[in-house]
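Reading through the structure tokens given below for one structure.
Every read-out reported here was derived from the displayed coordinates using simple, explicitly stated rules and does not represent laboratory data. Keep in mind that what you see is a predicted model, and the values were worked out from it rather than measured. Don't worry about glycine lacking a Cβ; one is built from the backbone with ideal geometry, like all the others, and counts go over all protein chains shown.
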Amino acid sequence: MATGQKNRMFRTHVDIPQKKRAQLVTLLNQHVAEALDLYSQVKQAHWNVKGKHFYSIHTLTDTFAAEVIEFVDDLAERATALGGYVHGTVRMAAEATTLPEYPMDLVDDMGHVAALVDRIGHFASSVRSAIDTAEELGDKDTADLYTGISRQVDKRLWFFEAHLQGEGDHE
């Protein structure tokens, strides 16, 4: 993509200054990339999981993947509502994501769960940080969007982590 097109902005009547809108769009595009990457990694586990807990992990990953793809759409639509241009192809996402690459040697159920916990935790932390950034930029709507995503991601993180926790496994 040509440099001039990367940060393309369109006129809008949203009453947030253009410079702040551009920063918000950059933030939203980062999370479009990370959510697309997270979606693909969750589906990777979904398709390849084996083991004693196959069915519960298979079902949980499918449910979470459906939620994550909705996050992608919500984040992208907010970016365009702010006058931005979304960078939403798989190639664009691969270039921009900060999530670790998914291990290709995983098969067993708990190995997939551990890998997903790491990636979901990374995404959750990034989303929580984005809440603060959006508020600092004066955009309560984007902060609210991130808050809703954060709440849902933390809930799913709990569901995945519960598979790895047991008696005596506490702080």
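Tabulated data for the structure shown
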read-out	value
Range in the chain, longest, excluding exposed trypsin sites (Lys or Arg not before Pro) [loop by DSSP; at most 12 other beta-carbon atoms within 10 Å]	53-171
For the chain: relative contact order, % (alpha-carbon pairs under 8 angstrom, 6 or more apart)	27
Listed residues ALA65, ALA114, ALA143, most fluctuating in the chain (Gaussian network, C-alpha, under 10 Å)	ALA114
Acute angle (nearest 10 degrees) that the helix 54-81 long axis makes with the longest principal axis of the chain, alpha-carbon atoms	0
J(HN,Hα) series, segment 106-123, from Karplus relation 6.51 cos²θ - 1.76 cosθ + 1.60, nearest Hz, glycine and proline x	7, 9, 5, 4, 6, x, 5, 4, 4, 5, 5, 4, 4, 6, 5, x, 4, 5
Over 26 Å between alpha carbons, listed pairs LYS52/LYS155; LYS20/LYS155; LYS19/LYS43	LYS20/LYS155; LYS19/LYS43
Placed amide H near LEU99: partners under 5 Å, 5+ positions off or other chain	none
Rg/Rg_ref, the chain, where Rg_ref = 2.2 N^0.38 Å and atoms are Cα	1.12
Angle between the chain longest axis and helix 140-162 axis [Cα atoms, degrees, rounded to 10]	10
Whole-Hz couplings from phi, Karplus 6.51/-1.76/1.60, listed for segment 87-93; x for Gly and Pro	9, x, 7, 4, 5, 5, 5
Relative contact order (%) - segment 2-93, alpha-carbon pairs under 8 angstrom, separation at least six	48
Nearest 10 degrees, 0 to 90: helix 18-48 Cα axis against the chain principal axis	20
